[in-house]
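Below is one structure, written out as structure tokens; the observations come after it.
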Amino acid sequence: MNSRPRPGFPVRLDRPAAAAARPASPAAQRSAPATLAPVVGLQRPGWAAPTPQGLGLDSQAVRLAMVKKLAAQGIKEARVLEAMGRVERHRFVDTALATQAYEDTSLPIGLGQTISKPNVVARMIELLLAGRTEPMGRVLEIGTGCGYQAAVLSLLVKEVYSIERLRGLHDKARENLRPLRLPNVHLLFGDGMAGFAQGAPYAGIIAAAGGEAVPQAWIEQLAVGGRLVAPVASAAGGAQALLVLDKTAAGVQHTLLEAVHFVPLKSGIA
Ligand code: SAH
């Protein structure tokens, strides 16, 4: 899916999301920044920056290479690249997969689920934050999985509420995140289809699992002025595309972007 340039943003569609079966037309190819902000030094209070252990590679150097690749692939936001460079992705996958942790690939995290590709994580977060200069307030993540994206988000937004429906993964994320001591990440176990009303309204909602449509609860729990980024089935047959939904005082605005491949959004807990 990264073989062709991604549509630029914002792109406005005048059709509702469900009717927009194909990605918006590609905009001008993005150019990678010539230099990257250093990945060290952006330590927010509470970020433990643990030393990598048991990995036969210089994890900082491989992360920097990953960040350069993300920039070459079109991720522009320096703060997103910086956060991607700070979080040690290899800590979120099984030891046997650690050497693949900085490749642009999704990896199994157990219970049939996957950690999203770095490129997709960066892209979605970039879309979530686009156009904002102030740090975003409270963000709800649907599908904690191994906790990787929650860790990246924690460096960029004020509060992260992340909900997971599989107990095994919720526990795993808790374990993965504990050593990082991120006080602004709140892990929840439950069915994210219902959102998490207690934390609403959210400045941002980001989903790592895709359904037929965006649950109404998410839209209700989104603040006016807030943005939701989620994969949705865009056509019969279930092909997914990335949806950006902006909630304004005048209503919601849908923007459908490139094709993506996420695990299904399921109801209930297990
Ligand atoms: N952000 C994650 C990606 C995990 S994959 C990471 O960085 O690892 C998507 C996750 O969404 C899976 O763990 C899956 O169990 C979860 N999921 C699917 N439907 C859900 C729902 N209704 N509520 C909460 N989590 C859900």
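The values are calculated or read from the model by the stated rules, or taken from the named source; none is laboratory data. A quick note: this is a predicted structure, and the numbers were derived from the prediction, not measured. Cβ atoms come from the backbone with ideal geometry, glycine included; neighbour counts cover every protein chain shown. Calculation scope for accessible area: heavy atoms of the full protein, side chains included, ligands and nucleic acids excluded. Shrake-Rupley method; radii C 1.70, N 1.55, O 1.52, S 1.80 Å.
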Segment 107-260, dipole about Cα centre (Lys/Arg Cβ +1, Asp/Glu Cβ -1), debye to the nearest 20: 340
Packing-based order for 134-140, 195-201, using average beta carbon neighbours within 10 Å, highest first: 134-140, 195-201
Relative contact order [Cα under 8 Å, 6+ residues apart], segment 107-260, whole percent: 19
Phi-based couplings in Hz for segment 165-174 (Karplus 6.51, -1.76, 1.60; Gly and Pro marked x): 8, 9, 4, x, 7, 4, 5, 5, 4, 4
Residues whose placed amide H lies under 5 Å from that of residue 157, excluding near-sequence neighbours: none
Carbon + sulfur, % of accessible area of segment 107-260 - ligands and nucleic acids excluded, 1.4 Å: 54
For residue 188, residues with placed amide H under 5 Å, excluding near neighbours: 162, 163, 164
Sequence-distant residues sharing a close amide H with residue 107 (under 5 Å, placed H): 115
Largest-first principal axis extents, alpha carbons of segment 107-260, Å: 43, 38, 27
Cut-off 11 Å (backbone N to label point 7 Å along Cα→Cβ of residue 69), residues of segment 94-114: 100-106
For segment 148-157, 3J(HN,Hα) per residue [Karplus equation, 6.51 cos²θ - 1.76 cosθ + 1.60, θ = phi - 60°, Hz, x = Gly/Pro]: 4, 5, 4, 5, 5, 4, 4, 7, 10, 10
Contact order normalised by residue count of segment 169-270, Cα under 8 Å, 6+ apart, percent: 24
Segment 127-171: C-alpha gyration tensor shape, a/c 1.5 cut-off, then a/b vs b/c: prolate
Members of 68/247; 69/266; 117/247; 76/266; 172/247; 117/266 lying beyond 30 Å, as alpha-carbon distances in this model show: 68/247; 69/266; 76/266; 172/247
Residue-wise HN-Hα coupling along segment 208-220, computed from phi with Karplus coefficients 6.51, -1.76, 1.60 (Hz; x: Gly, Pro): 10, 9, x, x, 5, 8, 7, x, 4, 4, 5, 5, 5
Contact order relative to length of segment 50-142, as percent, for alpha carbon pairs under 8 angstrom and 6 or more apart: 24
Pair residue 267, residue 197: separation of 7 Å Cα→Cβ label points (nm): 1.6
